[in-house]
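Laboratory data are not the source of any read-out in this text; all were calculated from the coordinates shown. Remember, it's a predicted structure, so these values are computed and weren't measured experimentally. Here the Cβ positions follow ideal geometry from the backbone for every residue, glycine too, while neighbour counts run over all protein chains shown.
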Amino acid sequence: MRPKAFTLVEILVTIGIIGLLAVISVVALGPSLKKARDTKRKTELARIGRFMAGTTCYLPEAGAGDYDLEELMDDVRSRYQQYAKMLPARTPRDPKSGSATVSGYRYVVTAAGADCALYANLEKADEEVTLTVLTAPTPGGGTGVLQAASPGPNGTDRYFQVSNK
């Protein structure tokens, strides 16, 4: 008597069906994943923005400019030890384009720290624009979504910024 087993054709058909279901679920969940990552970006920027772009802007030792948040967090923790406990232990990173050395979140500040903004590129290309007069992240330009002139690291021209004004 032959032992009962699956044939090669049955196994290949099963693998094909599982693969098809996986592809369908990835395609169906794609927009939800983008929206979830954008929500995470907005939440993290709003939380850090309360500290970095609150009533007065943080001015790094190097002066005015555009910085990756990873560059600034160690400086902030050492200069303002009384606030270090309020900051996250690990610098927040963009869920798609962030890495161990680059957060993907940017901070721009003007001379003397008068105006600043914390910003990140969004993934949803159809995100509603609320800062209609801006075409680039702008210190003192307000808090909301802007449409830039060209796409950013996450593939869209939409940016979310938190500003001191």
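The table below lists the values:
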quantity: Cα long-axis angle, helix 8-52 against the chain (0 to 90 degrees, to the nearest 10); calculated: 10
quantity: Packing-based exposure ordering (other Cβ within 10 Å, fewest first) of Asp94, Asp75, Asp126; calculated: Asp126, Asp75, Asp94
quantity: ³J(HN,Hα) computed for each position of the range 134-148 - Karplus, 6.51 cos²θ - 1.76 cosθ + 1.60, integer Hz, glycine/proline x; calculated: 9, 10, 7, x, 9, x, x, x, x, 10, x, 9, 10, 10, 8
quantity: Mean residue ellipticity (222 nm) of the chain, computed from DSSP H runs ≥ 4 via -39,500 (n - 2.57), nearest 500; calculated: -12000 deg cm²/dmol
quantity: Cross-link partners of Lys42 among lysines (Cα-Cα below 28 Å; sequence separation of 8 or more within a chain); calculated: Lys34, Lys85, Lys96, Lys124, Lys165
quantity: 10 Å binning of all Cα-Cα separations within the range 53-133, expressed as whole percents from 0 upward; calculated: 16, 44, 32, 8, 0
quantity: Extension reserve of the Lys165-Thr56 stretch, reckoned as 0.36 nm per residue once the Cα distance is removed; calculated: 38.2 nm
quantity: Where N is the number of residues in the range 8-163, Cα Rg divided by 2.2 N^0.38 Å; calculated: 1.29
quantity: Nearest-ten-degree value, helix 69-79 long axis tilted from longest Cα axis of the chain; calculated: 50
quantity: Relative contact order of the range 8-163, pairs being alpha-carbon contacts under 8 Å that are 6 or more residues apart, as %; calculated: 22
quantity: Simple Cβ-charge dipole of the range 8-163, Lys/Arg +1 and Asp/Glu -1, about Cα centre, in debye nearest 20; calculated: 460
